[in-house]
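Working notes, beginning with the structure itself.
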Amino acid sequence: MSDKFERMLQLVNEFFDVKNDPDQLSVNQEVRDKLGKLHPSTMSEYDEGDGPIVWILLIPTKEAIMKRFIKREISETKLLEDTPLNEKYDTIYLCSASVLSEYRRKGLAKKLTIDAINEIRKDHEIKSLFYWPFSPEGEALAENIAEEVKLPLYKR
């Protein structure tokens, strides 16, 4: 396992602390499998050859599910569970963007996310984005992405 991979795992575990927050999605093999079935662009990483430096996670879903999540009626886990397979999606949940500290503020997370959104839009008529902010940087990133792809952005 590369040093950068271990650092990314540590970053995600420390920042999101999913073990102590039941509302957050804990990414395991079952979750990765479902995400891959929703769309190949749900999980993206940037790797310069010696391990990942950026991880992006997106969940395409339905507007009705988005509304329940924004109103705090369901958790991230339930959002993914309730998202049906093999249907048309009309919104994307900007679930997470993790970047190693020395690579931040270079536009890598923004580019990777926009590329993934554009790939999903080739297969689905996406009308909006939504997010759950964990940091001012994450909030700014979501706003910049929404502006760039010209979609309305909804906040939990």
Suppose the filter is surrounded by 15 or more Cβ atoms within 10 Å (Cβ to Cβ), farther than 20 Å from Arg7 by Cβ, out of contact with any Asp or Glu (no Cβ under 8 Å at 6 or more places or on another chain) and of a type outside the set (Val, Ile, Thr); does Tyr46 pass it? no
List pairs: first in segment 136-150 and free of Cβ contacts under 8 Å to residues at least 24 places away in the same chain, second open to solvent by 30 Å² or more (accessible area, probe 1.4 Å) and of a type outside the set (Lys, Arg), Cβ under 9 Å, 6+ apart or cross-chain? Glu139/Pro133; Glu143/Leu153; Ala146/Pro152; Ala146/Leu153; Glu147/Leu153
Could you say which residue among Leu80, Leu35, Leu100 is among the hydrophobic types (A, V, I, L, M, F, W, C), surrounded by fewer than 23 Cβ atoms within 10 Å (Cβ to Cβ) and farther than 19 Å from Tyr131 by Cα? Leu100
Restricting to segment 109-156, and then to whatever is under 16 Å from Ile65 (Cα atoms) and hydroxyl-bearing (Ser, Thr, Tyr), can you tell me which residue is most open to solvent (accessible area, probe 1.4 Å)? Tyr154
Which numbered condition Arg72 fails, given (1) closer than 25 Å to Leu11 by Cα; (2) part of a loop (DSSP other than H, G, I, E, B); (3) in contact (Cβ under 8 Å) with a residue 24 or more places away in the chain: (1)
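The values are calculated or read from the model by the stated rules, or taken from the named source; none is laboratory data. Fair warning: this is a prediction, and the values are worked out from it, not measured in the lab. Reconstructed Cβ throughout: ideal geometry from the backbone, glycine too, with neighbour counts over all protein chains shown. Side chains included, ligands, DNA and RNA excluded: accessible areas come from the protein's heavy atoms. Shrake-Rupley method; radii C 1.70, N 1.55, O 1.52, S 1.80 Å.
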